[in-house]
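What follows is a short report on a single structure.
The values are calculated or read from the model by the stated rules, or taken from the named source; none is laboratory data. This one's a predicted model, so the numbers in the text were calculated from it and none came from an experiment. Methodologically, a virtual Cβ is constructed for each residue, glycine included, from the backbone with ideal geometry; neighbour enumeration extends over all protein chains shown. What goes into the accessible areas is simple: the full protein's heavy atoms, side chains included, and nothing from ligands, DNA or RNA. Shrake-Rupley method; radii C 1.70, N 1.55, O 1.52, S 1.80 Å.
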Amino acid sequence: MPADPIAIARNLIRCRSVTPDEGGALSYLQDLLARASFDVYRAIFAEPGTAPVDNLYARIGKVAPNLLFAGHTDVVPAGNEAIWSHPPFAGELASERLYGRGAVDMKGGIACFVAAALDYLAAKGGKPNGSISFLITGDEEGVAVNGTVKLLNWAAERGETFDHCILGEPSNVEVLGDTIKAGRRGSLNGTLIVSGRQGHVAYPERADNPIRGLVALIAALQAPLDEGSEQFSPSHLEFTSVDVGNATVNLIPGEARARFNIRYNDRHSQTALKTLIERRAKAAAGGRFRYAFEWQPSNADVFVTKPGPFTDLAIAAIAEITGRQPKLSTSGGTSDARFIKNYCSVLEFGLVGQTMHQTDESTPVQDLVALTAIYRRIIEKYFAG
Ligand SMILES: [Zn+2]
(Lines give C-alpha, C1' and ligand atoms only; values in the text may rest on other atoms or scores of the structure.)
Protein backbone atom coordinates (compact mmCIF):
# COMPACT_ATOMS: atom_id res chain seq x y z
CA MET A 1 0.00 0.00 0.00
CA PRO A 2 1.51 3.40 -0.91
CA ALA A 3 2.26 5.76 1.96
CA ASP A 4 -0.66 8.14 2.51
CA PRO A 5 0.38 11.81 2.75
CA ILE A 6 -3.12 12.84 3.85
CA ALA A 7 -3.10 10.50 6.84
CA ILE A 8 0.41 11.67 7.79
CA ALA A 9 -0.59 15.34 7.47
CA ARG A 10 -3.70 14.79 9.60
CA ASN A 11 -1.69 13.05 12.30
CA LEU A 12 0.85 15.88 12.33
CA ILE A 13 -1.85 18.59 12.53
CA ARG A 14 -3.33 16.80 15.56
CA CYS A 15 -0.06 17.42 17.43
CA ARG A 16 -0.21 20.84 19.14
CA SER A 17 3.31 21.79 18.19
CA VAL A 18 3.04 25.55 18.64
CA THR A 19 6.61 26.94 18.87
CA PRO A 20 8.52 25.91 20.99
CA ASP A 21 6.42 22.86 21.97
CA GLU A 22 7.20 19.57 20.23
CA GLY A 23 3.58 18.47 20.76
CA GLY A 24 4.28 14.87 19.72
CA ALA A 25 4.94 15.78 16.07
CA LEU A 26 8.61 14.77 16.02
CA SER A 27 7.92 11.58 18.00
CA TYR A 28 5.32 10.65 15.42
CA LEU A 29 7.80 11.18 12.57
CA GLN A 30 10.54 9.37 14.46
CA ASP A 31 8.33 6.32 14.81
CA LEU A 32 7.24 6.43 11.16
CA LEU A 33 10.81 6.75 9.85
CA ALA A 34 12.32 4.22 12.24
CA ARG A 35 9.84 1.65 10.97
CA ALA A 36 11.17 2.28 7.43
CA SER A 37 14.72 1.58 8.71
CA PHE A 38 15.90 5.20 8.90
CA ASP A 39 18.48 6.02 11.57
CA VAL A 40 16.65 8.67 13.57
CA TYR A 41 18.23 11.12 15.99
CA ARG A 42 16.68 13.68 18.29
CA ALA A 43 18.59 16.72 19.47
CA ILE A 44 17.38 19.22 22.03
CA PHE A 45 19.08 22.60 21.88
CA ALA A 46 18.88 25.32 24.50
CA GLU A 47 20.40 28.68 25.18
CA PRO A 48 20.02 31.15 28.05
CA GLY A 49 16.95 33.30 27.49
CA THR A 50 15.31 30.96 24.98
CA ALA A 51 13.12 27.89 25.40
CA PRO A 52 14.76 24.51 24.70
CA VAL A 53 13.70 23.09 21.34
CA ASP A 54 13.44 19.51 20.14
CA ASN A 55 14.72 18.67 16.63
CA LEU A 56 15.00 15.56 14.47
CA TYR A 57 17.50 14.24 11.94
CA ALA A 58 16.96 10.99 10.07
CA ARG A 59 18.96 9.27 7.36
CA ILE A 60 18.77 6.12 5.32
CA GLY A 61 21.74 5.01 3.23
CA LYS A 62 25.43 5.44 3.96
CA VAL A 63 26.82 6.76 0.69
CA ALA A 64 26.63 9.92 -1.41
CA PRO A 65 24.75 11.59 -2.88
CA ASN A 66 22.74 12.58 0.17
CA LEU A 67 19.46 14.25 -0.76
CA LEU A 68 18.15 16.27 2.16
CA PHE A 69 14.55 17.25 2.82
CA ALA A 70 14.20 20.00 5.39
CA GLY A 71 11.30 21.52 7.24
CA HIS A 72 9.71 22.49 10.52
CA THR A 73 6.93 20.89 12.53
CA ASP A 74 6.35 23.91 14.74
CA VAL A 75 3.43 26.16 13.90
CA VAL A 76 2.26 29.66 14.81
CA PRO A 77 -0.58 29.87 17.36
CA ALA A 78 -4.14 29.36 16.08
CA GLY A 79 -5.41 32.67 17.45
CA ASN A 80 -9.08 32.60 18.38
CA GLU A 81 -9.92 28.92 17.83
CA ALA A 82 -13.65 29.63 18.03
CA ILE A 83 -13.69 31.45 14.69
CA TRP A 84 -12.12 28.56 12.75
CA SER A 85 -14.75 26.70 10.71
CA HIS A 86 -12.85 23.50 11.55
CA PRO A 87 -10.86 23.17 14.77
CA PRO A 88 -7.20 24.08 14.11
CA PHE A 89 -5.72 20.94 15.66
CA ALA A 90 -8.23 18.34 14.46
CA GLY A 91 -7.01 17.70 10.92
CA GLU A 92 -10.55 17.63 9.52
CA LEU A 93 -11.35 17.03 5.87
CA ALA A 94 -14.20 19.01 4.29
CA SER A 95 -15.07 19.81 0.66
CA GLU A 96 -11.88 18.13 -0.57
CA ARG A 97 -9.70 20.29 1.67
CA LEU A 98 -7.59 19.49 4.72
CA TYR A 99 -7.98 22.09 7.49
CA GLY A 100 -5.70 22.91 10.37
CA ARG A 101 -2.81 24.98 11.64
CA GLY A 102 0.24 23.87 9.68
CA ALA A 103 -1.76 22.37 6.80
CA VAL A 104 0.35 24.40 4.36
CA ASP A 105 3.09 25.80 6.63
CA MET A 106 4.34 23.19 6.71
CA LYS A 107 3.11 19.91 8.10
CA GLY A 108 1.45 19.24 4.74
CA GLY A 109 4.80 19.61 2.96
CA ILE A 110 6.53 17.32 5.46
CA ALA A 111 3.79 14.69 5.05
CA CYS A 112 4.31 14.81 1.27
CA PHE A 113 8.09 14.40 1.28
CA VAL A 114 7.99 11.69 3.93
CA ALA A 115 5.30 9.79 1.98
CA ALA A 116 7.28 10.23 -1.25
CA ALA A 117 10.47 8.87 0.33
CA LEU A 118 8.70 5.91 1.93
CA ASP A 119 7.08 5.12 -1.42
CA TYR A 120 10.38 5.32 -3.27
CA LEU A 121 12.08 3.08 -0.69
CA ALA A 122 9.28 0.52 -0.87
CA ALA A 123 9.73 0.37 -4.65
CA LYS A 124 13.51 0.00 -4.25
CA GLY A 125 13.37 -2.82 -1.70
CA GLY A 126 14.08 -0.38 1.14
CA LYS A 127 17.40 1.02 -0.15
CA PRO A 128 18.08 4.28 -2.00
CA ASN A 129 20.87 4.58 -4.59
CA GLY A 130 22.57 6.98 -2.21
CA SER A 131 21.10 8.51 0.93
CA ILE A 132 17.89 10.30 1.83
CA SER A 133 17.82 12.51 4.91
CA PHE A 134 15.30 14.57 6.84
CA LEU A 135 16.22 17.60 8.90
CA ILE A 136 13.16 18.68 10.85
CA THR A 137 13.25 21.52 13.34
CA GLY A 138 10.82 22.66 16.01
CA ASP A 139 12.05 26.25 15.94
CA GLU A 140 11.36 28.04 12.68
CA GLU A 141 8.35 30.18 13.52
CA GLY A 142 9.95 31.48 16.73
CA VAL A 143 13.33 33.11 17.14
CA ALA A 144 14.96 30.29 15.10
CA VAL A 145 17.90 30.05 17.48
CA ASN A 146 17.61 26.46 18.70
CA GLY A 147 16.58 24.96 15.39
CA THR A 148 18.09 24.54 11.94
CA VAL A 149 21.34 26.45 12.62
CA LYS A 150 22.29 24.24 15.54
CA LEU A 151 20.94 21.08 13.94
CA LEU A 152 23.10 21.65 10.83
CA ASN A 153 26.08 22.24 13.08
CA TRP A 154 25.33 19.12 15.04
CA ALA A 155 25.04 17.08 11.83
CA ALA A 156 28.31 18.51 10.47
CA GLU A 157 30.10 17.57 13.68
CA ARG A 158 28.87 14.01 13.23
CA GLY A 159 30.43 14.03 9.76
CA GLU A 160 27.14 14.31 7.86
CA THR A 161 27.38 15.92 4.44
CA PHE A 162 24.57 16.98 2.15
CA ASP A 163 24.61 17.26 -1.62
CA HIS A 164 21.30 18.99 -2.32
CA CYS A 165 18.33 20.09 -0.27
CA ILE A 166 14.65 20.64 -0.85
CA LEU A 167 13.03 22.80 1.81
CA GLY A 168 9.29 22.09 1.81
CA GLU A 169 8.06 25.59 2.69
CA PRO A 170 4.91 26.76 0.87
CA SER A 171 6.62 28.32 -2.14
CA ASN A 172 3.74 28.47 -4.62
CA VAL A 173 1.76 31.68 -4.99
CA GLU A 174 -1.52 30.79 -6.77
CA VAL A 175 -1.41 27.15 -7.83
CA LEU A 176 0.79 24.15 -7.16
CA GLY A 177 3.70 24.25 -9.59
CA ASP A 178 3.86 28.00 -10.21
CA THR A 179 6.94 28.86 -8.12
CA ILE A 180 10.20 27.42 -6.83
CA LYS A 181 12.05 29.70 -4.43
CA ALA A 182 15.67 29.67 -5.51
CA GLY A 183 16.95 32.39 -3.24
CA ARG A 184 15.91 35.00 -0.77
CA ARG A 185 16.86 38.57 -0.19
CA GLY A 186 18.93 39.39 2.85
CA SER A 187 17.49 41.45 5.69
CA LEU A 188 19.30 44.01 7.79
CA ASN A 189 17.95 46.28 10.54
CA GLY A 190 19.50 49.52 11.62
CA THR A 191 18.85 52.64 13.67
CA LEU A 192 19.96 56.13 12.73
CA ILE A 193 20.58 58.36 15.75
CA VAL A 194 21.03 62.09 15.35
CA SER A 195 22.31 64.03 18.36
CA GLY A 196 21.60 67.67 19.02
CA ARG A 197 21.42 69.98 22.01
CA GLN A 198 18.26 70.21 24.09
CA GLY A 199 16.79 73.65 24.70
CA HIS A 200 13.79 75.97 25.01
CA VAL A 201 11.73 76.17 21.84
CA ALA A 202 11.60 79.98 22.12
CA TYR A 203 15.40 80.20 21.99
CA PRO A 204 16.39 77.89 19.12
CA GLU A 205 19.70 79.68 18.72
CA ARG A 206 20.78 78.22 22.07
CA ALA A 207 19.79 74.69 21.06
CA ASP A 208 20.52 72.31 18.21
CA ASN A 209 17.42 70.52 16.97
CA PRO A 210 18.33 66.95 15.89
CA ILE A 211 15.06 66.61 13.94
CA ARG A 212 16.52 68.81 11.18
CA GLY A 213 19.41 66.43 10.70
CA LEU A 214 17.18 63.38 10.93
CA VAL A 215 14.90 64.67 8.18
CA ALA A 216 17.83 65.43 5.87
CA LEU A 217 19.43 62.04 6.43
CA ILE A 218 16.15 60.12 6.03
CA ALA A 219 15.62 61.85 2.68
CA ALA A 220 19.14 60.99 1.52
CA LEU A 221 18.95 57.35 2.55
CA GLN A 222 15.85 56.72 0.47
CA ALA A 223 17.76 56.91 -2.81
CA PRO A 224 17.71 53.64 -4.79
CA LEU A 225 20.32 51.08 -3.70
CA ASP A 226 20.65 49.31 -7.05
CA GLU A 227 18.64 48.36 -10.11
CA GLY A 228 18.22 44.72 -9.22
CA SER A 229 20.23 41.77 -10.48
CA GLU A 230 19.69 38.81 -12.78
CA GLN A 231 17.64 36.91 -10.23
CA PHE A 232 16.55 39.66 -7.84
CA SER A 233 14.41 42.76 -7.74
CA PRO A 234 16.11 45.99 -6.55
CA SER A 235 17.25 46.20 -2.94
CA HIS A 236 15.07 48.38 -0.78
CA LEU A 237 15.46 50.44 2.36
CA GLU A 238 12.28 51.22 4.28
CA PHE A 239 12.02 53.40 7.39
CA THR A 240 9.80 51.72 9.96
CA SER A 241 9.77 54.21 12.82
CA VAL A 242 10.78 57.77 13.64
CA ASP A 243 11.21 58.41 17.36
CA VAL A 244 11.87 61.56 19.34
CA GLY A 245 9.89 60.66 22.43
CA ASN A 246 9.32 64.26 23.38
CA ALA A 247 6.03 64.91 25.21
CA THR A 248 6.83 68.53 26.02
CA VAL A 249 5.53 71.31 23.76
CA ASN A 250 8.21 73.92 24.49
CA LEU A 251 11.25 71.69 24.46
CA ILE A 252 13.69 71.08 21.61
CA PRO A 253 14.71 67.46 22.02
CA GLY A 254 18.33 66.39 22.42
CA GLU A 255 18.17 63.32 20.22
CA ALA A 256 16.12 61.86 17.37
CA ARG A 257 16.10 58.32 16.02
CA ALA A 258 14.78 56.48 13.01
CA ARG A 259 14.66 52.72 12.55
CA PHE A 260 14.85 51.08 9.16
CA ASN A 261 15.02 47.69 7.46
CA ILE A 262 16.87 46.86 4.26
CA ARG A 263 15.91 43.92 2.04
CA TYR A 264 18.94 43.44 -0.15
CA ASN A 265 19.87 41.36 -3.16
CA ASP A 266 23.03 39.57 -4.26
CA ARG A 267 24.71 42.78 -5.36
CA HIS A 268 25.54 43.48 -1.71
CA SER A 269 27.11 41.85 1.28
CA GLN A 270 26.06 43.05 4.73
CA THR A 271 29.40 44.79 5.23
CA ALA A 272 29.33 46.53 1.87
CA LEU A 273 25.77 47.64 2.46
CA LYS A 274 26.60 49.21 5.81
CA THR A 275 29.53 51.03 4.20
CA LEU A 276 27.28 52.31 1.40
CA ILE A 277 24.65 53.62 3.83
CA GLU A 278 27.23 55.27 6.08
CA ARG A 279 28.90 56.91 3.08
CA ARG A 280 25.61 58.33 1.86
CA ALA A 281 24.80 59.66 5.31
CA LYS A 282 28.21 61.31 5.53
CA ALA A 283 27.71 63.03 2.18
CA ALA A 284 24.22 64.23 3.13
CA ALA A 285 25.31 65.48 6.55
CA GLY A 286 28.18 67.45 5.05
CA GLY A 287 29.61 67.94 8.55
CA ARG A 288 26.47 69.80 9.70
CA PHE A 289 24.91 67.04 11.83
CA ARG A 290 26.17 64.65 14.48
CA TYR A 291 24.83 61.18 13.88
CA ALA A 292 25.58 57.50 14.38
CA PHE A 293 24.28 54.16 13.16
CA GLU A 294 23.43 51.17 15.31
CA TRP A 295 23.26 47.95 13.29
CA GLN A 296 21.38 44.97 14.63
CA PRO A 297 23.15 41.64 14.17
CA SER A 298 21.53 39.76 11.27
CA ASN A 299 21.73 36.10 10.35
CA ALA A 300 19.54 36.69 7.30
CA ASP A 301 22.11 36.90 4.55
CA VAL A 302 21.10 36.96 0.92
CA PHE A 303 21.36 33.67 -0.90
CA VAL A 304 20.71 32.44 -4.40
CA THR A 305 20.77 29.01 -6.02
CA LYS A 306 21.79 29.50 -9.63
CA PRO A 307 20.00 27.62 -12.40
CA GLY A 308 21.72 24.29 -13.12
CA PRO A 309 21.16 20.51 -13.12
CA PHE A 310 19.41 20.49 -9.74
CA THR A 311 16.96 23.27 -10.61
CA ASP A 312 16.40 21.65 -14.03
CA LEU A 313 15.56 18.36 -12.37
CA ALA A 314 13.05 19.97 -10.01
CA ILE A 315 11.45 22.00 -12.81
CA ALA A 316 11.10 18.87 -14.96
CA ALA A 317 9.48 16.88 -12.12
CA ILE A 318 7.02 19.70 -11.42
CA ALA A 319 6.18 20.08 -15.11
CA GLU A 320 5.58 16.33 -15.52
CA ILE A 321 3.09 16.18 -12.64
CA THR A 322 1.34 19.55 -12.92
CA GLY A 323 1.88 20.54 -16.55
CA ARG A 324 3.19 23.88 -15.29
CA GLN A 325 6.54 25.50 -15.84
CA PRO A 326 7.51 26.89 -12.43
CA LYS A 327 9.44 30.13 -12.24
CA LEU A 328 12.54 30.49 -10.07
CA SER A 329 11.66 33.25 -7.64
CA THR A 330 13.66 35.10 -4.99
CA SER A 331 10.83 37.21 -3.55
CA GLY A 332 9.36 37.13 -0.08
CA GLY A 333 10.75 36.96 3.44
CA THR A 334 13.53 34.85 4.89
CA SER A 335 13.42 31.13 5.67
CA ASP A 336 15.71 28.45 7.04
CA ALA A 337 17.18 28.12 3.54
CA ARG A 338 19.46 31.02 4.56
CA PHE A 339 21.20 28.60 6.95
CA ILE A 340 21.08 25.47 4.76
CA LYS A 341 22.78 27.26 1.85
CA ASN A 342 26.02 27.22 3.83
CA TYR A 343 26.06 23.41 3.55
CA CYS A 344 24.60 22.59 0.14
CA SER A 345 22.52 24.13 -2.61
CA VAL A 346 18.89 24.43 -1.63
CA LEU A 347 15.55 24.98 -3.33
CA GLU A 348 12.25 25.68 -1.66
CA PHE A 349 9.21 23.95 -3.02
CA GLY A 350 6.04 23.05 -1.15
CA LEU A 351 2.32 23.78 -1.11
CA VAL A 352 0.45 26.96 -2.06
CA GLY A 353 1.06 29.61 0.60
CA GLN A 354 -2.17 31.58 0.42
CA THR A 355 -3.71 30.53 3.78
CA MET A 356 -0.49 30.23 5.80
CA HIS A 357 -0.68 31.72 9.31
CA GLN A 358 -4.39 32.51 8.73
CA THR A 359 -7.60 31.38 10.39
CA ASP A 360 -8.87 28.32 8.47
CA GLU A 361 -5.41 27.47 7.10
CA SER A 362 -6.12 24.68 4.63
CA THR A 363 -4.96 22.95 1.47
CA PRO A 364 -6.76 21.09 -1.30
CA VAL A 365 -6.34 17.33 -0.74
CA GLN A 366 -5.44 17.13 -4.43
CA ASP A 367 -2.39 19.34 -3.83
CA LEU A 368 -1.10 16.94 -1.17
CA VAL A 369 -1.42 14.07 -3.66
CA ALA A 370 0.26 16.03 -6.45
CA LEU A 371 3.06 17.39 -4.25
CA THR A 372 3.84 13.85 -3.08
CA ALA A 373 4.02 12.76 -6.72
CA ILE A 374 6.38 15.68 -7.48
CA TYR A 375 8.74 14.84 -4.60
CA ARG A 376 8.60 11.20 -5.67
CA ARG A 377 9.68 12.17 -9.22
CA ILE A 378 12.44 14.40 -7.86
CA ILE A 379 13.82 11.51 -5.76
CA GLU A 380 13.61 9.11 -8.72
CA LYS A 381 15.35 11.49 -11.10
CA TYR A 382 17.93 12.44 -8.49
CA PHE A 383 19.08 8.88 -7.87
CA ALA A 384 18.72 7.78 -11.48
CA GLY A 385 21.36 10.27 -12.66
ZN1 LIG B 1 7.14 27.72 7.39
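Observations, loosely collected:
- ALA384 versus ALA51: modelled label distance in nm, points set 7 Å from Cα along the beta carbon direction: 4.4
- Averaging 1/r over each pair of different alpha-carbon atoms in the range 100-199 and inverting the result gives 17.4 Å, the Kirkwood hydrodynamic radius.
- Rh (Kirkwood; distinct C-alpha pairs) - the range 2-114, Å: 15.1
- Each part reduced to its alpha carbon centroid, the range 149-181 and the range 211-284 end up 33 Å apart.
- Distances between placed amide hydrogens fall under 5 Å for SER345 paired with CYS165, all partners being 5 or more residues away or on another chain.
- Dipole magnitude of the range 4-47, debye to nearest 20 (Cβ charges: Lys/Arg +1, Asp/Glu -1, about Cα centre): 200
- Counting Lys and Arg as +1 and Asp and Glu as -1 over every other residue whose Cβ lies under 15 Å from the Cβ of ASP367, the net charge comes to -2.
- In the context of the full set of protein chains, the chain has a per residue accessible area of 43 Å² (1.4 Å probe).
- Backbone geometry of the range 134-142 corresponds, through the Karplus equation with coefficients 6.51, -1.76 and 1.60 at θ = phi - 60°, to 3J(HN,Hα) couplings of 10, 10, 10, 9, x, 9, 10, 6, x Hz, x marking Gly and Pro.
- Normalised per residue, the volume of the convex hull around the Cα set of the chain (Å³): 158
- Full-extension gain in nm, GLU227 to GLN366, via 0.36 nm per residue minus C-alpha separation: 46.1 nm
- Residue-span extension gain [GLU81 to ALA94] - 0.36 nm each, minus C-alpha spacing: 2.9 nm
- Excluding same-chain neighbours fewer than eight residues apart, the lysines reachable from LYS274 by a Cα-Cα span under 19 Å are LYS282.
- Estimated 222 nm signal from helices in the chain, with DSSP H stretches of n ≥ 4 weighted -39500 (n - 2.57), rounded to 500: -9000 deg cm²/dmol
- For the range 127-133, backbone phi angles converted through the Karplus equation (6.51, -1.76, 1.60; θ = phi - 60°) give residue-by-residue couplings of 10, x, 7, x, 9, 10, 10 Hz, Gly and Pro being listed as x.
- Carbon-plus-sulfur accessible fraction, the chain (probe radius 1.4 Å, protein heavy atoms only): 51%.
- Distance in nm between pseudo-label sites at ALA7 and HIS236 (7 Å out along the Cβ direction from Cα): 4.5
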